[in-house]
Amino acid sequence: MSSDLLVDISSVASGSNAGASFAQIGALVDTVTVGSASNVILLIAVMPNDITTNSTEWGMEIQFAVDDVLEGPINGSFKDHQREGCSASLCWALTGISGSTKFSLYWRNRTGTTVISTDHIRSLRVIEIGNASLLVSKTSLTADDAVNSYTDIVDLTDTQTVTASSLHILLGNLLPSDADVANAGKYRFDVQAKGLVGYEPYNFVDASNELCGVSSLWAVTGLSGSTDFAFQWFELDPGLTTSTSGGRLRSFQVIEVTQDFDLQIDQLSKVSYSHTAGYTDITGMVATSIALDSANSVLLFSACAPGLPQGDNTYTGRHYDGTTGFGGETQNFIDSSAQSNGCGHCNHMAITGLSGTHTFSYREDEIQGNVSQDVNKFRGLVMVELKETAAAGLPIPVAMGSYRQRHQNVI
């Protein structure tokens, strides 16, 4: 079965602010028909803060709900002062669902009262992936401490025998403990035979209840046989630990797609880059001459562009098709020159209905301060085309465009 974009919502609608308990975010809800219980359902979301208000501080958390039942990991973000704050993103996969199903994003306050943003776009996407299985699905509330090198996050590892010539989509989420202040970490996936893969989102804890988490999504091909998978972290400032309370699950998943896919974009970079006002392409996050198989394909994107911790800066990021932005906006917040006081969040997105050849990019816009990209952390852009299943007896179209255009790692 082909893949299908079941839910496609982007919104700046006004609505109720967050409360003490998890409740539905007004515009981020849809009831759709899932085709088959054997398919993998991938949920992705971006939820920005309202940072235009006064110096009131708050923190919030988000979680998916399926038929109004909370599902999967929790992530969160916070606002410090006016024009200083970050967003939360989330990714989660599940199976065994069919028929009419309600998908939504919920939120709650961690501290203060979180105001819904009408300036930055929030989004919810739900993708039904055919020819796929949920190879790894791990969650944990076990205590764990990070160290000053990349190490496995406890419980977020697995060894599986993979199907050769398949695509593997890696998903990771973690909201740390707020028991200690002024700590930070960065994160990557570790895949046997490939080592550390993907971009390096990072997060920090500023004060009690003022913290943000991470949500990562990356894709790899070329695996075979028994393979070790892990979600890893690296302590940038002492005190980074996992949350063990409040149901704040952290997670690691691997989706295996066996056919009808193309890993179209796979870019990593550490090249220096300074932003200017207005949405502009980030160096090392532009992919040209991307030839798509069909307008019925679902394009799954993820991007992360960590800023350099220096001064008080806030900036926002969004995916672009040429000069047209699409999907949600991810805010990032830098508080001071210390490496512990910054965040670099990821933006997960999906779109359909495109055909022909395109230039895709990730752009960022300065909200406050003068933002530069961190040359000590990988930024990256990945895009998977989940293609329409070819009719029996007909050849499967081959995506055009050179390898150099589609897969570019700039160090």
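Just so you know, all these numbers are worked out from the coordinates, no wet-lab data involved. Keep in mind that what you see is a predicted model, and the values were worked out from it rather than measured. Every residue, glycine as well, gets a Cβ built from its backbone with ideal geometry; the counts of neighbours run over all protein chains shown.
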Lys/Arg +1, Asp/Glu -1 at C-beta; the chain dipole; positive extreme among His358, Val257, Ser87: His358
Globularity index of segment 1-131, i.e. its alpha-carbon radius of gyration over 2.2 N^0.38 Å: 1.09
At 1.306 mPa s and 10 °C, Stokes D of segment 167-289 from Kirkwood alpha-carbon radius, µm² per second: 96
Formal net charge of residues neighbouring Leu5 (Cβ-Cβ distance under 14 Å; K, R +1; D, E -1): -4
Karplus 3J(HN,Hα) series, Hz, for segment 201-208 with 6.51 cos²θ - 1.76 cosθ + 1.60 (x for Gly, Pro): x, 9, 9, 8, 10, 9, 7, 4
Size of electric dipole in segment 220-333: Cβ of Lys, Arg +1 and of Asp, Glu -1, about Cα centre, debye, nearest 20: 300
Sequence of Leu211, Leu5 once ranked by neighbouring C-beta atoms within 10 Å, starting from the fewest: Leu5, Leu211
Binned Cα-Cα distance frequencies in the chain - 20 Å width, integer %: 30, 62, 8, 0
Against the rule of thumb 2.2 N^0.38 Å, how large the Cα Rg of segment 341-385 comes out: 1.51
About the Cα centre, charge dipole magnitude for the chain (Lys/Arg +1, Asp/Glu -1 at Cβ), debye: 480
Positive-end residue, the chain charge dipole about Cα centroid, Cβ charges, pick of His168, Leu386, Ser215: Leu386
